[in-house]
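**Q** Take this structure, written in structure tokens, and hold onto it; I'll ask about it next.
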Amino acid sequence: MSLEDLQRDYPHLTFRKCWRLNERTLLNLGQCVAIINCLAEMPISPKLQKALRRVAFERGAQATTAIEGNTLTDEEVRKLLAGEELPKSREYQAREVKNALEAMRFVWQKVVVAGECEPVDPKLLCDLNRIVGQNLGTLFDGVPGRPRTDRRSVGRYLAPPHEHVEHLMSAMCGWLREEFGYASGRQSTDVAIIEAIVAHVYFEWIHPFADGNGRTGRLLEFFILLRSGLPDIAAHVLANHYNTSRSEYASHFENARKKRDLSEFLSYAVQGLLDGLEATQEEVKNEAFRVTWRSHIYEVFTDYKCLKTSVFKRRRNLALQMPIGAKFTLEELIRTSDELVREYMGRDRRKIKADLDEIKRLDLVSEDDGMYRANTDLLVAQHLAPRVQRGALPKSQTPTANNPDLANTSRV
């Protein structure tokens with residue numbers, strides 16, 4: 001097939017801007033950027049950062065392989081990555097997940113640790129596919145990291161002939177550099193988000209490898225997002241979105257190809273990114289709140305005078321062990337953790353009540369009609385006026401007005 005025939009039979013592979021961002025998508029995009037900036041500036045301890053990154057990578061690896069039919073559950077993935085053995089019948093699926101996780105770590109090491117944030121090139125695509133397919137044997141239907149040498153199809157979609165694959169990969173990489181301006185050093189986060197999603201779609205349309213294209217395309221998307229400043233603790237967000245809406249994911253791919261228009265796919269993906277970022281932000285906020293509350297308890301007990309060290313420790317531990325955000329009777333409270341069970345089981349109820357009354361006096365616990373809860377209201381700012389209901393941004397504050405590159409939504 002000549003290049004002229006290729007352009008005739010694959011008119012969606014134009015390597016030109018073929019999308020419009022409506023007002024809702026632009027607003028969602030602006031919110032994504034705001035949350036990314038907030039997460040990037042939020043102080044998180046190295047220990048918590050590492051824990052959140054581990055969870056994000058586990059979720060991302062599970063989600064991207066699940067889209068391709070891998071049936072390992074979240075719990076099985078956690079066991080696998082903790083070093084536990086899975087049944088022999090799950091060995092291949094376990095290897096797929098390990099490969100996906102290794103590929104995410106490869107991208108993270110490259111971008112975050114080594115600072116290698118170069119524009120996308122064919123070598124990167126081959127490296128990602130090589131890791132995705134390594135050690136999978138004959139069940140991986142191709143040579144990992146090498147462009148395919150035959151014609152392939154995905155469902156009803158017949159991918160371009162293999163003799164044009166390397167040309168198409170190079171053309172895509174060149175177009176991404178020119179269209180989205182990363183190499184100029186002035187690419188904004190919102191533009192990078194659009195580049196990541198567009199690159200993912202074009203990669204799947206080219207289908208350059210014999211196997212593992214879906215996972216590789218989502219890793220490419222992850223690379224561009226991470227390069228743009230997406231916090232690694234949100235690494236799983238888009239893969240998880242695609243996994244939880246698989247039929248919609250596939251439908252948007254097909255419609256984008258038929259219409260030669262990425263507008264709807266971009267709206268779908270940006271909405272999923274926003275939802276995932278909001279969930280991540282809430283998770284981080286809750287962890288930060290918990291850490292701050294524990295720190296406050298330690299501060300209070302620094303000034304607390306108690307004759308017996310054992311009583312001091314017992315009361316402080318009671319305050320620390322009390323779950324946040326729930327109410328308990330005295331009997332329920334001492335069963336909320338193994339430590340409290342060991343400490344208070346068999347003790348006289350009056351002694352338990354005395355401890356609660358004391359930490360209540362310290363303003364760490366509140367009581368209402370025999371129900372106790374951690375008095376975390378202390379951490380809520382008391383100097384702010386009541387919050388007004390949030391509404392949509394005025395037109396002058398939408399991303400359209402602030403970013404000329406995105407404001408121009410006319411189709412090319």
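**Q** Of these, R59, R130, which one is surrounded by 15 or more Cβ atoms within 10 Å (Cβ to Cβ), in contact (Cβ under 8 Å) with a residue 24 or more places away in the chain and in a helix (DSSP H, G or I)?
**A** Values: R130 fails: in contact (Cβ under 8 Å) with a residue 24 or more places away in the chain.
From the options R59, R130, the qualifying one is R59.
**Q** Another one. Could you identify the single residue in V113, V120, V154 that is touching a Leu at 6+ places or on another chain (Cβ under 8 Å) and either in the same structural domain as L168 (by TED's automatic domain parsing) or closer than 11 Å to G212 by Cβ (or both)?
**A** V120
**Q** In the stretch 301-313, is there at least one residue being closer than 30 Å to G30 by Cβ and in contact with a helix residue (DSSP H, G or I) (Cβ under 8 Å, 6 or more places away or on another chain)?
**A** no
**Q** Another question, then. For K360, are the conditions met, namely being in contact with a Ser or Thr (Cβ under 8 Å, 6 or more places away or on another chain) and not in a loop (DSSP other than H, G, I, E, B)? Spell out the reasoning first.
**A** Numbers: in contact with a Ser or Thr (Cβ under 8 Å, 6 or more places away or on another chain): yes; not in a loop (DSSP other than H, G, I, E, B): yes.
Yes, satisfied.
**Q** I would also like to ask the following. Can you find a residue that is at pLDDT 95 or above and either closer than 23 Å to E179 by Cα or not in a loop (DSSP other than H, G, I, E, B) (or both) anywhere in the stretch 66-83?
**A** The answer is yes, given that some residue of the stretch 66-83 is at pLDDT 95 or above and either closer than 23 Å to E179 by Cα or not in a loop (DSSP other than H, G, I, E, B) (or both).
**Q** Can you tell me which residue among A199, A235, A239 is modelled with pLDDT under 95 and either over 23 Å from D150 (Cβ atoms) or among the basic types (K, R) (or both)?
**A** Of the residues listed, the single one that is modelled with pLDDT under 95 and either over 23 Å from D150 (Cβ atoms) or among the basic types (K, R) (or both) is A235.
**Q** Which of the residues spanning the stretch 156-199 are within 28 Å of the chain's Cα centre (by Cα) and outside any helix (DSSP H, G or I)?
**A** Across the stretch 156-199, the qualifying residues are G181, G185, R186, Q187, S188.
**Q** Could you check the stretch 317-326 and list, in sequence order, the residues that are in contact (Cβ under 8 Å) with a residue 40 or more places away in the chain and surrounded by 12 or more Cβ atoms within 10 Å (Cβ to Cβ)? Let's see the steps before the verdict.
**A** Step one: list which residues in the stretch 317-326 are in contact (Cβ under 8 Å) with a residue 40 or more places away in the chain, which gives 318-319, 322-326.
Correct list: L318, A319, M322, P323, I324, A326.
**Q** Could you list, in sequence order, the residues of the stretch 100-127 that are closer than 15 Å to D232 by Cα and outside any helix (DSSP H, G or I)?
**A** If the condition is that a residue be closer than 15 Å to D232 by Cα and outside any helix (DSSP H, G or I), then A114, G115, C117 are the ones that fit.
**Q** Pairs, please: C-beta under 8 Å, at least 6 apart or cross-chain, first residue closer than 17 Å to E264 by Cα and in the stretch 26-39, second β-branched (V, I, T)?
**A** L26/T398; L26/T400; L27/T398; N28/V270; L29/I193; L29/I194; L29/V270
**Q** Look through the stretch 292-316, keep the residues that are surrounded by 15 or more Cβ atoms within 10 Å (Cβ to Cβ) and more than 13 Å from L362 (Cα to Cα), and return whichever of them is farthest from the chain's Cα centre (by Cα).
**A** R314
**Q** On to the next question. Assigned by TED's automatic domain parsing to the domain that holds T64, in contact (Cβ under 8 Å) with a residue 24 or more places away in the chain and not in a helix (DSSP H, G or I) - does that describe any residue in the stretch 216-225? Explain how you work it out, then say what you get.
**A** Within the stretch 216-225, the subset assigned by TED's automatic domain parsing to the domain that holds T64 is 216-225.
Adding the requirement that they be in contact (Cβ under 8 Å) with a residue 24 or more places away in the chain leaves 216, 218-225.
Those still in the list that are not in a helix (DSSP H, G or I) too: none.
Checked against the condition, which is being assigned by TED's automatic domain parsing to the domain that holds T64, in contact (Cβ under 8 Å) with a residue 24 or more places away in the chain and not in a helix (DSSP H, G or I), the stretch 216-225 yields no hits at all.
**Q** Do we have any residue at all in the stretch 1-16 that's of a type in the set (G, A, S) and closer than 26 Å to V291 by Cβ?
**A** No, because not a single residue in the stretch 1-16 is of a type in the set (G, A, S) and closer than 26 Å to V291 by Cβ.
**Q** Check whether at least one residue in the stretch 269-287 is free of Cβ contacts under 8 Å to residues at least 40 places away in the same chain, of a type in the set (S, T, N, Q), surrounded by fewer than 19 Cβ atoms within 10 Å (Cβ to Cβ) and part of a helix (DSSP H, G or I), and report yes or no.
**A** Looking through the stretch 269-287, at least one residue is free of Cβ contacts under 8 Å to residues at least 40 places away in the same chain, of a type in the set (S, T, N, Q), surrounded by fewer than 19 Cβ atoms within 10 Å (Cβ to Cβ) and part of a helix (DSSP H, G or I).
**Q** Among the residues of the stretch 327-336, is any surrounded by 12 or more Cβ atoms within 10 Å (Cβ to Cβ), in a helix (DSSP H, G or I) and aromatic (F, W, Y)?
**A** No, the stretch 327-336 contains no residue that is surrounded by 12 or more Cβ atoms within 10 Å (Cβ to Cβ), in a helix (DSSP H, G or I) and aromatic (F, W, Y).
The values are calculated or read from the model by the stated rules, or taken from the named source; none is laboratory data. Predicted model only: the values in this text are computed from it and were never measured. Neighbour counts are summed over all protein chains in view; Cβ atoms, including those assigned to glycine, are modelled from backbone coordinates with ideal geometry.
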